[in-house]
Amino acid sequence: MKKELIEHNLKRSIIFQDINPSEISTFSEVCRVQIVPEGNFVYRQGDESEVFYVIAMGDAEMVLERKGGGTSIVGRIGPGGHFGETGILTGKPRSVSVRALCDLVLICFDKRTFRTLLLSNSRIHRQLDLALAERLRVAFLDQADTACCQRSTTEASGGVEDLILFKEKKPSQVRLRRLANDDSDTVCESKTARKTHIIINRFAANNEPFMLTGETGTGKLIIARQIHLQSGRSDGPYMEIDIREHDPIDLYKKLVGTEQNALPFAQSRQAGIFEQTCRGTLVFSHAQLMPLDLQRKLAIIIQSSTFQHTDSDRQIALQSRIVFLCAQEFDNLEGSGKIIPELIEIFKKQYFRVPSLREHKRDLPRLIDHYLERFSKEFGKNVRQVSPETLGILMNYDWPGNLTELSSVMRRAVMLARRDEILSDQILLGLPKTEGKWEFNVLRLPWVQKFLKSPTFPRVPQIVVGAVLLLAVVTLFFGPDEADRNMGITLSWSIGWPLMFFSFFFLARTWCSVCTLAMPGMLIQDLVKPQRKLPEAIKNNSGWIMAVLCILVLWVEIVWNAYEDPFLTGWIIVTITLGSLLTSVIYSRRAWCRYLCPLGAINAIFAMPSIIELRANRHVCLNRCENHACFAGAEENVGCPMFRHPYLVDNNRDCIFCAACIKSCNNSSIHLNLRLAPQELWSVQTPRWEDSFLIISLGAIFFPFALHHNYAEVMEWLRGFLEIKGLNLPNFFIGSLGFFGSILLFQIVYYLMVHIQARYHKLDKKTLLALLGYGFIPLILGGYMAVHLEFFVDGSWRLVQIAKEALGFKASYESVRLISRDSTIVLQTLTILGGLFASMYATYRIMDRLLEGEYLVARVLLLPFGFLGTLTALFLWML
């Protein structure tokens, strides 16, 4: 290069901007020119620091090589930039590598010239000081950005240990390592696993963009990482970006970066993610949430293989491989418009649906072996196998959380293991609840904690309720036949039943913990100590069994008018008690309460919007607990009667608030929270269609129930009307038609609403069918609470009169209300409207969850809100 060109390029550098022409001429005489071909390194990390460089032509990138074998791009330098001075000043080896992005022309000053000639010039020295100061500032800022956006090659979702699940041992043959009692390898036999390995090899053999779809926890990030490691880009950077964690506008700026100036570490700050992942892989997780505008910009960049800085028109070559990870099926992404057609066309060439774990259970034993070895090392144990019974439990489970859930279950099992084998009682299936907000743990109050840990609870409340129930049953069978004068009728329908519904909102399922219908069975169970487990067929279908039994109990109660029939009311109570007794004698714990009780079904559903919840601190459970006595039991206290570990409880449906876990836990892990919003209505991890079926059925049953004893009068009127028309039908048949007809009508309306929502808004109908019903619970509970308020206000006064009569005093059965009818209507209206607003918010959150963060428009909520509004109007009309 001619001397004039060298002087021209030196003047372009900020280091020499204040230098006069004569000094520039002197510097040009003592330097040399070096040309570095594209892709070659100017120097490598760890080399001796011998030369200071100024870029005359081309671009270079600074590469940090990590100890674990990965790399990170920490900066990019263009014409006029400089590098290499730090090692000379400190006398230490090179801290980063510098690689030519294109043919690079460098002006070089050796160490002696740099120290004696350049540093002696105060103006050059000042510019170098500014550059070093900028380096410190940018290094700090980059550290924060890197922590947010990038994971090193020793990290991934699931950890680097999980890469072995998809790692190729030989180029010609894909193997899956058996991590059992030896280090031998065995060829993976599952067709699904073999197909996954084929896809990894195929995608790794080229540099085209690709998409992975599949359920949460299936290992999409692990597969993307393995493709990167097996590809020709394995030495390049690997970065993952979670779309949920970034603002769309800021993310685009971070992707393309801004135009750079001459300060090299200012360039490091301004280098975009595309530049930082040059010759590497850039993964967008939850890509279906990417805004459409950003998708269009990204599609143009991929199609043209170039991009521009936000403040420049200069075209820069895209050298990053783009990967999309989505939680929805490819066809659904295309049909719903969540991914624009341009990107669909790009990814049609290479996409793969990662199968769920339940689709390749043949691999489950090998995966279990892998996690046993992994967590045995982590906890310093030597757990080598699972018992045959345990393996059967694991193989029969559907694993909705896939590999994430399997890892969590095996981690807890290894923690609990006392021998070299995992036993069935150490397997806690399910995913832990995420931490909530706006909660206050009432166990912080000493008197509350003392009461719940004492033998007083729930024994004393059970004794009180038991005595009242016994009195009610005796008077139902042996008391007056006239309903208004029978104490059992008043205690059952005017006091007990309303108080139970009120308790749902304030105390969740606490009523179940003090319910004495199960007391005879529990007392006998303490003597016979049954160990038999409830059949799996009953467990798997318990939701439907409880829903059907609940509807049948309400059918008998309403159609046969149990409110006016003491004998029938008594037999309803006795029948439920006998069911509990029989189940308790045969099966362990409270199998009846958890899986069969019809009253438990109502309790479970209506406890979900309660203002109180019982949850566990998952961090304490994982890191401090060694025996899980809250679930398995301890010497003085039994385990959870509902067969549910507090660590896994994410809703009030599965907890009866018996405080057994509070008594057993020595780590203060259990929280009894007052909460502002019942998040479980929209975040429940395992929504069930049978729950929604019961919810909608209860909404339909409200209308004959609200008529109460007047329903019999309606049936009598209809029978007389039909007799005139020539039809002679019994009252119970007419009442049954009305009862089940209303249920059928509501179910049809609900199904049609779900079908329309799923079709026109591109939602999964099966998920929507199971989940949407939970949003209606607050309104339906509000309706029942409003009706029971009237029953309580109007009928509870009779208890005093009945007691006076029983004691020989004169009694007056003239209606005496606790509060006026107008006051009651106001309270009823407020209760129903409160339920409406709560249901609208819960429904909004459910739709937001199903749409995965997309902007909700009014038409998406039109049908559900219309259903809620119509139901509210009908409820108010029935008051």
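3J(HN,Hα) along the stretch 817-824, derived from phi through the Karplus expression 6.51 cos²θ - 1.76 cosθ + 1.60 where θ = phi - 60°, amounts to 8, 6, 9, 5, 4, 5, 5, 5 Hz, with x in place of Gly and Pro.
Kirkwood radius for the chain, taken over all pairs of different Cα atoms as the inverse mean of 1/r, rounds to 32.4 Å.
Overall size of the stretch 1-104 from C-alpha positions, given as principal axis extents largest first: 49, 29, 20 Å. Computed from point charges on the beta carbon alone (+1 for Lys and Arg, -1 for Asp and Glu), the dipole magnitude for the stretch 27-114 about its Cα centre is near 320 Debye.
How much length is gained on full extension from ARG532 to ARG759, taking 0.36 nm per residue of separation minus their Cα-Cα distance?
77.1 nm
Based on the Kirkwood radius over alpha-carbon pairs, what value in µm²/s does the Stokes-Einstein equation return for the translational diffusion coefficient of the stretch 618-762 at 20 °C and 1.002 mPa s? Translational diffusion coefficient: 108 µm²/s.
Packing here is the average count of other Cβ atoms within 10 Å per residue, and on that basis the peptides 198-208, 713-723, 275-285, 94-104, highest first, run 275-285, 94-104, 198-208, 713-723.
Efficiency by 1/(1 + (r/R0)^6): what FRET value for VAL857 and GLU482, r their Cβ-Cβ distance, R0 = 56 Å, to the nearest 0.05? Don't jump to the answer; show the numbers that get you there.
Values: r = 59 Å, r/R0 = 1.05.
After rounding, the FRET efficiency stands at 0.45.
Restricting attention to the stretch 302-411, the count of lysine pairs at 8 or more positions apart or across chains with alpha carbons under 27 Å apart stands at 4.
Only alpha carbons enter this Debye calculation for the stretch 405-563, each as an equal point scatterer, and the log10 of I(q)/I(0) it gives at q = 0.11, 0.17 Å⁻¹ is -0.78, -1.39. Here the Kirkwood formula, the inverse mean of 1/r across different C-alpha pairs, assigns the stretch 293-419 a hydrodynamic radius of 18.5 Å. Here is the P(r) of the stretch 741-818: all C-alpha pair distances, binned every 5 Å from 0, give 3, 13, 13, 13, 10, 8, 7, 7, 7, 7, 6, 4, 2, 1 in whole percents. Applying 1/(1 + (r/R0)^6) with R0 = 56 Å to the Cβ-Cβ distance of LEU722 and SER454 gives a FRET efficiency near 0.40. Estimated from the Cβ-Cβ distance and a Förster radius of 60 angstrom, the FRET efficiency linking ARG821 and GLU208 is about 0.20.
Summarise the accessible area of the chain (1.4 Å probe, protein heavy atoms) by the percent that is carbon and sulfur.
Heavy-atom surface of the chain belonging to carbon and sulfur, 1.4 Å probe: 58 percent.
Placing +1 on the Cβ of every Lys and Arg and -1 on the Cβ of every Asp and Glu, with no other charges, gives the chain a dipole of roughly 1520 debye about its Cα centre.
For the stretch 71-120, report the % of Cα-Cα distances exceeding 18 Å. Above the 18 Å cut-off, the stretch 71-120 has 40 percent of its Cα pairs. Expressed as a whole number of Å, what is the distance separating the alpha-carbon centroids of the stretch 475-532 and the stretch 298-375? After rounding, the separation between the Cα centres reads 56 Å.
Based solely on its DSSP helices, what 222 nm [θ] is calculated for the chain when runs of n ≥ 4 H residues each add -39,500 (n - 2.57) and the sum is averaged over all residues, nearest 500 deg cm²/dmol?
Result for the chain: -16000 deg cm²/dmol, rounded to the nearest 500.
Principal semi-axes of the equivalent ellipsoid, √(5λ) from the alpha carbon gyration tensor of the stretch 766-879, are 42, 13, 9 Å from largest down. Take the chain with all the other protein chains still there, run a 1.4 Å probe, and you get 45 Å² of accessible area per residue.
The values are calculated or read from the model by the stated rules, or taken from the named source; none is laboratory data. The shown structure was predicted, so the numbers you read here are calculated from the model rather than taken from an experiment. Glycine also receives a Cβ, built like all others from the backbone with ideal geometry; neighbour counts cover every protein chain displayed. Side chains included, ligands, DNA and RNA excluded: accessible areas come from the protein's heavy atoms. Shrake-Rupley method; radii C 1.70, N 1.55, O 1.52, S 1.80 Å.
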